[in-house]
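The values are calculated or read from the model by the stated rules, or taken from the named source; none is laboratory data. Just so we're clear, the structure is a prediction, and the values are computed from it rather than from any experiment. Here the Cβ positions follow ideal geometry from the backbone for every residue, glycine too, while neighbour counts run over all protein chains shown.
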Amino acid sequence: MKIFGNKGIGNILKILLQVGIIVGIVFLFMLYWIVKWFDLHFDWFVMMIYPCGIVFILLVYQFVGLFNTLKINTPFCKENVKRMKNGMILSYLISIFVILSLLITILFYNYYSLQLQVALFFMSVLFFAIGIALYILSELFREAIEYKEENDLTIWGGLYVNNCQFRCYDG
């Protein structure tokens, strides 16, 4: 299966993520009425969904930008390194929000189940690990971009390649 281009898997994932962003925004706007519909209490736990949801939508938006570069065949660009570092920060923020939710459930509320507390713990670990993975990938991409730029400046067989422009070598 193709990865690059309009019919590649990168473009398909980009479209799915864009739909996910729209659904996420609608869900956040409708959350108050969803809670009322199911006759639940609008307490601190529901309120923690808002900052986590907003940051998660921003994280998904960073991935949309990454997959867009797959569509246009330019995955090794400095913008992707910046997107991955932004994603790393956003992942850490989600992890912090989830840890705060976990601490609040443990310290102040005893009617939330142990299963919820375990799930919150694993979510915090998951988003922390995603942040670490995005940092490692951003550094790998940064190194690849440096090698690519060095390679673009190399003299090969009488052609001088600089910023994808071919020039004659008179020497």
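One line per residue, one yes/no per condition, for (1) of a type outside the set (S, T, N, Q); (2) within 20 Å of ILE57 (Cβ to Cβ); (3) modelled with pLDDT under 85:
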position	(1), (2), (3)
ILE94	yes, yes, no
SER101	no, yes, no
ILE106	yes, no, no
TYR109	yes, no, yes
PHE121	yes, no, no
GLU139	yes, no, no
GLU149	yes, no, yes
ASN163	no, no, yes
TYR169	yes, no, yes
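Test LEU66 against the stated conditions and say whether it is at pLDDT 95 or above and part of a helix (DSSP H, G or I). Criteria not met by LEU66. Restricting attention to the range 51-69, the residues that are crowded, with 18+ Cβ neighbours inside 10 Å, under 19 Å from LEU31 (Cα atoms) and under 13 Å from the mean Cα position of the chain (by Cα) total 3. Residues of the range 38-55 that are at pLDDT below 90 and assigned to a helix (DSSP H, G or I): TRP44, PHE45, VAL46, MET47.
Condition check ((1) exposed (fewer than 15 other Cβ atoms within 10 Å of the Cβ); (2) of a type in the set (S, T, N, Q); (3) free of Cβ contacts under 8 Å to residues at least 40 places away in the same chain; (4) within 30 Å of TYR147 (Cβ to Cβ)) across all residues:
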position: LEU16; (1), (2), (3), (4): yes, no, yes, no
position: GLY20; (1), (2), (3), (4): no, no, no, no
position: VAL23; (1), (2), (3), (4): yes, no, yes, no
position: VAL26; (1), (2), (3), (4): yes, no, yes, no
position: LEU40; (1), (2), (3), (4): yes, no, yes, no
position: LYS71; (1), (2), (3), (4): no, no, no, yes
position: ILE99; (1), (2), (3), (4): no, no, yes, no
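For the range 1-14, residues that are free of Cβ contacts under 8 Å to residues at least 12 places away in the same chain and closer than 21 Å to PHE56 by Cα total 1.
Only residues that are loosely packed, with under 13 Cβ neighbours inside 10 Å and outside any helix (DSSP H, G or I) were counted in the range 110-131, giving 3.
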